[in-house]
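The values are calculated or read from the model by the stated rules, or taken from the named source; none is laboratory data. Treat the numbers as computed from the prediction; the structure is a model and nothing was measured. Cβ atoms come from the backbone with ideal geometry, glycine included; neighbour counts cover every protein chain shown. With ligands, DNA and RNA removed, areas are computed over all heavy atoms of the protein, side chains included. Shrake-Rupley method; radii C 1.70, N 1.55, O 1.52, S 1.80 Å.
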Amino acid sequence: MIPIETQGGFYITQIKQLQDRIFERFLSEQGLKISGGQGRILFVLWKQSPCTISEISQRTSLAKNTVSIMIDTMVAHGIVTRQSNPNNRRQTWIMLTDYALSLQQKYDAVSQRMNTLFYTGFSEGEKDQFEAYLQRILTTLHQVEKSQESNEEINYDESR
């Protein structure tokens with residue numbers, strides 16, 4: 001068992017909090033009146049639009065109810081629209097507006113600025129290794145969440 005004295009999770013939480021505040025300031029400096037969470041939704045939609053709320057939830061790791069509330073706000077601000085899937089009327093697509101498309105270049109610049117800040121002082125090898133470690137943590141957490149949803153037990157392999 002890993003001793004409780006490790007602080008990786010605490011560091012990740014602190015990084016997330018600081019990163020969110022800095023990212024929000026960078027967005028504001030560019031005149032972008034969107035939150036970091038809305039930016040994550042837009043990032044997904046800029047890669048593939050339309051998407052359902054479930055797809056957005058899965059790709060952002062935001063809870064469906066959180067995505068739904070954020071989408072309501074984004075619809076009210078003219079950032080996205082809701083449209084029924086013509087092939088499945090029970091399914092609603094979330095689609096980008098022209099306004100959302102006009103934000104992408106500035107948002108990408110802010111994201112690149114944040115990415116540069118994140119990896120200041122890292123060699124290419126360190127970046128790759130760090131991201132591989134983070135991916136392993138993310139994969140484990142996804143497995144645990146999935147097992148919790150299906151009430152299955154998961155076997156933790158601490159030797160990885």
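Toward the positive end of the charge dipole of the chain, with +1 on the Cβ of Lys and Arg and -1 on the Cβ of Asp and Glu, the farthest Cα among GLN112, MET74, LEU62 is that of MET74.
Which one, GLY31, THR97, PHE130, is farthest towards the positive end of the dipole of the chain when Lys and Arg carry +1 and Asp and Glu -1 on their Cβ? Of the candidates, THR97 comes out farthest on the positive side. I'd like the orientation of helix 36-47 relative to the chain: the angle between its Cα long axis and the longest Cα principal axis, in ° from 0 to 90, rounded to 10. Rounded to the nearest ten degrees, it is 70. Taking Cβ atoms as reference points and 15 Å as the exclusive limit, the residues near MET70 contribute a net charge of +1, counting Lys and Arg as +1 and Asp and Glu as -1. In the range 1-138, Cα pairs under 8 Å separated by at least six residues give a relative contact order of 21 percent. Entry comment: accessible area of the chain is 72 Å² per residue, from protein heavy atoms only and a probe of 1.4 Å. Computed over protein heavy atoms with a 1.4 Å probe, the carbon and sulfur contribution to the accessible area of the chain reaches 52%. Between helix 124-149 and the chain there is an angle of about 80 degrees, using the helix long axis and the longest principal axis of the Cα atoms. For a test of the definition: using alpha carbon positions, the gyration tensor, and the 1.5 limit on a/c, classify the chain as rounded, prolate or oblate. Taking the square roots of the gyration eigenvalues as a ≥ b ≥ c, the chain is oblate. Between the residues ASN85, THR6, ILE53, the greatest Cα displacement towards the positive end of the dipole of the chain, with unit charges on the Cβ of Lys, Arg, Asp and Glu, is found for ASN85. Rounded to the nearest 20 debye, the dipole size of the chain about its Cα centre is 720 debye, using +1 on the Cβ of Lys and Arg and -1 on the Cβ of Asp and Glu. Rounded to the nearest 10 degrees, the inclination of helix 8-29 to the longest alpha-carbon principal axis of the chain is 30 degrees.
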